[in-house]
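The values are calculated or read from the model by the stated rules, or taken from the named source; none is laboratory data. Bear in mind the structure is a predicted one, so any value in this text is a computation, not a measurement. Note: ideal-geometry Cβ built from the backbone for every residue, glycine included; neighbour counts use all protein chains shown. These area figures cover heavy atoms from the full protein model, side chains too; ligands, DNA and RNA do not enter into them. Shrake-Rupley method; radii C 1.70, N 1.55, O 1.52, S 1.80 Å.
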Amino acid sequence: NYDTDLFMPLIEAIHKGSNARPYKGLVGKADSECIDMAYRVVADHIRTLSICIADGVYPGISGAELVLRRILRRAVRYCTEVLQAPSGFLATLVPLVVDSLGDAYPELKRDVNLIMDIINRNEAAFLSSLHKGRRVIERTLEQSTNTVFPVDVAWSLHRNLGFPPDLIGLMLEERGIAFDTEALDRLAAEDAKRKFQSEQEKTSSKLQPNVHILAELQRRGIQPTDDFPKYAYSCGQDGRYVF
C-alpha cells in the first residue's frame, strides 16, 4: 500500500530532502541497507505523529504519550542516520500529510504550526540524547571484549537518556552485539516497584499525622474532632434516614 497516492508524495519528498538513493520498494534481504524500510517508516510515522498531535496526544513518558514518543524517535533516527536527512527535516513533511488527510481530519489544517513545533522540539531533544547514547555505546564496546552488552549500561541509557529498549537493541544489532532484553525488563520492573512503593509511602505519610504533629496539637489545647454526630441517625417509618 506504500506504492499509492497516499504515500508516494511523502516518499518523493523524503528522497528530495535526504541524501538517500531513490525508493525502490525493496523488502527483506533485498533491502540490505534498510533504506527502503526507512522510507516506509518515515512516511508512515509522520502521518501517525501528525494525526495524534492534532488530536491532543503529545509525546510523553507514559501511556499513549510514551508510545508516540517512541514512534517519533524511531522516525527521527531513520531520517537522520539511514536516509541522511538534515535535522528538522521530519517536520517539513507535515504539510504533505495535511494535503493528503486534511479533509478527513480538519484538525490537521488548524494545527499545522503546532504539530511542526512539537515534532521539532522533540527531535532536537532526542538527537542530543542520541549522540550521547552513541558515544556511551561506542566507549563501552571499546573497553570490553564481551559479546553481550552490559545490562547496567543499557539500563542507564534507558533510564537517564530515555532510550527505549528496542532502539538499544537495534543499535547493538547493527554492531553484531547481543543484548539481554530479559535482564533489562527485570531492572525496569524492579525500578517501577520501587517507585510505586515510594509513592505509597509518601501518600501514607501525608495522610497520617505523626507523633510530633499530634503532640503539638495537644500542646496548643486543640481538641480532637468530635465525629460522633455522623453516626447519630435512625431510620424513619418511611425508610428514610433521620439525622
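Against the criterion of solvent-accessible heavy-atom surface with a 1.4 angstrom probe, 2, 78 sort, most first, into 2, 78.
If you count Lys pairs in the chain whose Cα atoms are under 27 Å apart, skipping same-chain pairs closer than 8 places in sequence, the total is 8. Translational diffusion coefficient of the chain at 25 °C, 0.890 mPa s, Stokes-Einstein with Kirkwood Rh over Cα pairs, in µm²/s as a whole number. Result for D is 110 µm²/s. Once a ≥ b ≥ c are taken as the square roots of the eigenvalues of the Cα gyration tensor of segment 99-191, is the result rounded (a/c under 1.5), prolate (a/b larger than b/c) or oblate (a/b not larger than b/c)? Prolate is the answer for segment 99-191, as a/c is 1.5 or above and a/b outweighs b/c.
Springs between Cα atoms under 10 Å define the GNM used for the chain, and in it the highest mean-square fluctuation of 21, 70, 40 occurs at 21. Taking GluC sites (Glu not before Pro) that fall in a DSSP loop and have at most 12 other Cβ atoms within 10 Å as cut points, what is the longest piece of the chain between them? So the longest stretch without any such site is 34-173. Within the assembled protein chains, the solvent-accessible surface assigned to residue 26 is about 50 Å², based on a 1.4 Å probe.
The C-alpha atoms of the chain define a longest principal axis, and helix 151-161 lies at about 80 degrees to it. Please identify the chymotrypsin sites (Phe, Trp or Tyr not before Pro) of segment 141-240 that satisfy two criteria: DSSP loop assignment and at most 11 other Cβ atoms within 10 Å. Which are they? Passing sites in segment 141-240 are 233.
Treat segment 18-150 as a sphere of radius equal to its Kirkwood radius over Cα pairs and apply Stokes-Einstein at 10 °C in a medium of 1.306 mPa s; give the translational diffusion coefficient in µm²/s, rounded to a whole number. Write out the running numbers ahead of the final one.
Numbers: Rh = 16.1 Å.
This corresponds to a translational diffusion coefficient of 99 µm²/s.
Here is how the number arises for the chain: DSSP H runs of 4 or more residues each give -39500 (n - 2.57), the sum is divided by the residue count, and the result at 222 nm is -19500 deg cm²/dmol. Distance from the Cα centroid of segment 21-45 to that of segment 47-92 is 18 Å (rounded to whole angstrom).
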